[in-house]
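The values are calculated or read from the model by the stated rules, or taken from the named source; none is laboratory data. As the structure is a computational prediction, the values presented were derived from the model and not from experiment. We place every Cβ from the backbone using ideal geometry, glycine too, and count neighbours over all the protein chains shown. Just the protein is used for accessible areas: all its heavy atoms, side chains included, with ligands, DNA and RNA removed. Shrake-Rupley method; radii C 1.70, N 1.55, O 1.52, S 1.80 Å.
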Amino acid sequence: MIRTLLRDPLAHFLLAGAAIWGALALIGDPVDPASRTIELSRERQAGIALGFERMMGRPPTDAEMDAAIARWVREEVLYREAMRLGVDQGDAVVRRRLATKMDELAGAEAEVVRPTDAVLERWLADNAERYAEGHAISFAQAFFPSAQTARDALGGPAPPRGTAISLPRSADAMKMAEVEAVFGREFASGLSALSADETWQGPIRSGFGWHLVRLDRRTAGSVPALDEIRERVEADWRSATIAERRQRAYEVLREAYTVEVE
């Protein structure tokens, strides 16, 4: 059980957060942005040198280190003045950037991990239709802005008409890769779960809204071996894994909040 938790990236994310807060508790309050004293510790200097080495591929010379420290001090002075003036308050760019950093932290491990063949084989099997060559599908769709309006239209006596949108009303023998490109991955995944039937089904979701679908025909294709499409499979697995870990981390954090809407 403990080993399983230690391998879970979400546990790493939460432990990292706990470690940060623990460190802050040990060293006292964070630096006061209004303070006029800037302390450049040996650890900070080592961090500046490491940043230079990562960027340039070699350690800095004494002159380069002096210049790097001067840049850091300049940035720190401007940062503290900006915080003192409160220019970060209400700044949508700063707010979005901080949220993005939290997302990146949650998905960071998946960006560098090398998945095993077993992991990729399982991903390929679970998403076989996405990679099947020759797999095509014919369908009609009606778009709705909400799931409820779609459900209301599903039970009507006439075929659902939906709301106008810049998407094809129908598709004839469209390849699944094209379905995904036009309607999005979520819609393609929902479509894969439906059976060919002359009745309207759904609703299924896309990045645009909700859709009722009449699935007219499905032509099966063949799935290439992993070695033939390894790069694509790994990229897709990595993208989906990062998104999943970010969402799980957000859900854990979100549970601690109460949102009150006036």
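I'm checking my understanding of the structure. Among residues of the stretch 44-100 that are closer than 28 Å to residue 250 by Cα and of a type in the set (Val, Ile, Thr), which one is surrounded by the most Cβ atoms within 10 Å (Cβ to Cβ)? So, considering only residues that are closer than 28 Å to residue 250 by Cα and of a type in the set (Val, Ile, Thr), the one surrounded by the most Cβ atoms within 10 Å (Cβ to Cβ) is 94. When the test is whether a residue is among the small types (Gly, Ala, Ser) and on the phi > 0 side of the Ramachandran plot, residue 162 passes it. Only one entry of 173, 140, 118, 147 meets the criterion of being in the same structural domain as residue 242 (by the TED database), open to solvent by less than 70 Å² (accessible area, probe 1.4 Å) and more than 19 Å from the chain's Cα centre (by Cα), and that entry is 118.
The listed residues are 213, 233, 182, and the only one of them that is outside any loop (DSSP other than H, G, I, E, B), farther than 29 Å from residue 100 by Cβ and touching a residue at least 12 places away in the same chain (Cβ under 8 Å) turns out to be 213.
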